[in-house]
Amino acid sequence: MSRQIVHVEIEDRVAVVRLASENPLNPLTDELVDQLVAALQRNEADPGVHVSVLIGSARAFAAGADIDAMSRLDYRTAFALDYIGRNWDPIRALRKPLIAAVGGYALGGGCELAMMCDIVVAAEDASFGQPEVRLGIVPGAGGTQRLPRAVGKSAAMTMCLTGAPISAQEAFDLRLVSKLTTREALLDEARALAQSIARHSIPVVMAIKESVNRAYESSLSEGLLFERRSFHSGFALEDQKEGMRAFLERRAARFRDA
Ligand code: CO8
């Protein structure tokens with residue numbers, strides 16, 4: 001049996017998923033990503049988990065793909081085995097919210113992994129970068145696609161073309177990060193945010209994630225139609241009745257699916 005390098009703790013409907021490779025820089029080896037995906041898929045299937053928080057080590061969220069393994073890769077193998085697609089695409093398919101709590105390095109695939117999450121919280125010591133150009137490759141897990149959507153073309157081009165990292169403060173100013181905190185408070189802040197989501201009705205939370213993601217995948221009119229239908233279907237839920245009744249009765253909602 002392989003050693004466990006991804007650890008999960010569940011409390012109050014929030015799962016904290018910790019990347020804990022032997023190398024504290026958390027190179028994204030196949031072993032690490034396979035275990036990460038397995039953990040996230042278990043959370044997805046667990047009705048006791050509403051939100052996951054992904055965190056790395058004291059030194060790094062993740063310092064990118066495993067350069068040692070990539071140095072031996074050829075085109076035939078990369079294509080035939082669907083390198084990256086094979087074990088990264090399932091992360092994209094997750095329907096429950098995933099929050100990245102980034103401290104230390106988030107480079108290459110590490111930055112891309114953070115961007116695959118729904119919300120990014122960062123500690124002041126975090127740095128984000130797409131250094132692939134310095135290794136003679138193109139980013140391969142969304143760096144050229146999610147980064148411009150997050151920070152705009154000019155900043156994304158600068159990061160991808162120079163390979164130079166940006167600080168947590170710069171990432172916050174560019175809106176790559178939505179909350180900046182101290183290193184000590186990183187996990188507590190991310191967990192508090194997760195809990196404030198987890199107390200809501202889970203089918204509604206999942207429908208909202210699905211609808212926001214549509215904004216990246218469709219035209220405005222298609223996205224608005226998708227949202228409208230999702231909104232209409234919400235009236236079939238018991239939790240809609242409870243949420244509105246609770247408001248009118250001036251009390252806290254007791255959602256069935258919270
Ligand atoms: N892969 C493999 N090993 C790594 C990696 C990595 N990404 N990063 C660091 N290491 C290893 C080093 O080789 C070294 O090993 P050893 O102790 O055996 O010599 C050990 O970790 C410590 O590293 P450093 O001595 O370099 O530590 P420093 O504190 O001096 O520097 C840095 C830390 C700045 C993070 C530095 O290690 C670094 O620049 N790392 C590489 C960062 C990088 O280029 N990342 C991008 C990789 S390419 C990529 O991610 C493509 C994305 C594709 C999608 C993802 C698919 C999985």
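Remarks
- Listed residue (G56, Q195, A207) projecting farthest to the positive dipole end of the chain, Cβ model: A207
- Solvent-accessible area per residue in region 6-198 equals 47 Å², computed with a 1.4 angstrom probe and all protein chains kept.
- Whole-percent carbon and sulfur share, accessible surface of region 1-82, 1.4 Å: 54
- Taken one residue at a time, the phi angles of region 133-149 give Karplus couplings (6.51, -1.76, 1.60, θ = phi - 60°) of 4, 6, 9, x, 9, 8, x, x, 10, x, x, 7, 10, 7, 4, x, 5 Hz. Gly and Pro are set to x.
- Binned Cα-Cα distances of region 2-102, short to long, each 5 Å bin given as a whole percent: 2, 12, 22, 24, 19, 12, 6, 2, 1, 0
- Sequentially through region 56-64, phi angles give Karplus couplings (6.51, -1.76, 1.60; θ = phi - 60°) of x, 9, 5, 9, 7, 5, 6, 8, x Hz, Gly and Pro residues having no value and appearing as x.
- Each residue of region 165-171 is assigned a 3J(HN,Hα), and the resulting list reads x, 10, 7, 4, 4, 4, 5 Hz, derived from the Karplus form 6.51 cos²θ - 1.76 cosθ + 1.60 (θ = phi - 60°), x at Gly and Pro.
- Share of carbon and sulfur in the accessible heavy-atom surface of region 202-248 [1.4 Å probe, %]: 64
- Restricting the calculation to Cα atoms, the chain shows an Rg/Rh of 0.99 when the hydrodynamic-style radius is the Kirkwood one.
- GNM result for the chain, Cα springs below 10 Å: residue of A123, A185, A78 fluctuating most strongly: A78
- Over the chain, DSSP H runs of length four or greater, each weighted -39,500 (n - 2.57), average out per residue to a 222 nm ellipticity of -13000 deg cm²/dmol.
- GluC sites (Glu not before Pro) restricted to region 163-258 and DSSP loop, no more than 11 other C-beta within 10 Å: E184, E217, E249
- Straight-line reach from K153: taking Cα to Cα under 23 Å and skipping same-chain neighbours fewer than 8 places apart, the lysines in range are K179.
- Net charge over other residues, Cβ less than 12 angstrom from the Cβ of A253 (K, R count +1; D, E count -1): +2
- GNM flexibility winner over the chain from R72, R245, R146 (Cα, springs under 10 Å): R72
- Environment charge of R214, counting only residues whose C-beta is closer than 12 Å and scoring Lys/Arg +1, Asp/Glu -1: -1
- Sparse-neighbourhood loop sites, chymotrypsin sites (Phe, Trp or Tyr not before Pro) in region 151-258 - DSSP loop, at most 11 other Cβ within 10 angstrom: Y216
The values are calculated or read from the model by the stated rules, or taken from the named source; none is laboratory data. All values reported here derive from a predicted model rather than from experimental measurement. Cβ coordinates were reconstructed from backbone atoms using ideal geometry, including for glycine residues, and neighbour counts include every protein chain displayed. What goes into the accessible areas is simple: the full protein's heavy atoms, side chains included, and nothing from ligands, DNA or RNA. Shrake-Rupley method; radii C 1.70, N 1.55, O 1.52, S 1.80 Å.
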